[in-house]
Structure formats: structure tokens, C-alpha cells
Amino acid sequence: MIIATTENVPGYKVAKVLGVCSGSIVRAKHIGKDVIAALRNIVGGEVKEYSEMLEEARKMAIERMVENAKKMGANGIVGVRFMTSSIAAGMAEIFAYGTAVILQKE
């Protein structure tokens, strides 16, 4: 599966557009890590607990988007974008979406 944020992939042509594919996940951190993150908020600096949470969530959202594209018969996804929203304290949704396509070598 070729995944690109661009509309075109060098060396390939879009033979067929299959439609929008997407994947999302809502993640929350353990209450103990929430306390550590709150303390880091006071003193400043990177909140590694949330950075790790968002990285894991991005990977899972991409995996789900790829699964959705494969079910559509795609071998590529172009125009990939991400959206993030806060659901509640310590919880975030990551939404990945793009256009499922069939790519052919030029």
C-alpha cells in the first residue's frame, strides 16, 4: 500500500479513484500518567505522556484507514490528512483520511 499526503505519486498514475477512506481512534492515558502530565504542565516542557499517546493513536488511525482502503480494493491512498480533537480531559481522537485509489506504474 502506497500512502502519500500528495495528490500524485512519482512514477505512478491514478488509474481509478475509489473514494474516501478513513480510520479513527479515541485514546486516553492512565490516571497515573495524567498526574505526571499535570505536574509537567506546571513546570513546562514537553509532556511526553501525551506525545506518546498521540503517536500511538496516529499509527492506529493509519492502520484503520489502510484496512478501509484495502476493503475498497485500493493499492494506494493519496491526499492523506489528519485531524485531532479533544474528547475529554486526557482523551483525544485522531482521524486519518484520504482518497483510496488504484495506482499503476507509468
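Any read-out appearing in this document is the output of simple, stated calculations on the displayed coordinates, not a laboratory observation. Remember, it's a predicted structure, so these values are computed and weren't measured experimentally. Using ideal geometry, Cβ is built from the backbone for each residue, glycine included, and neighbour counts are taken over all protein chains shown.
Details
- Multiplying the residue separation of residue 24 and residue 88 by 0.36 nm and removing their Cα-Cα distance gives an extension gain of 21.4 nm.
- Ranked packing of 46-54, 96-104, 10-18, most packed first, by mean Cβ within 10 Å: 96-104, 46-54, 10-18
- Karplus-derived 3J(HN,Hα), 6.51/-1.76/1.60, for each residue of region 79-84, Hz, glycine and proline x: x, 5, 9, 10, 10, 10
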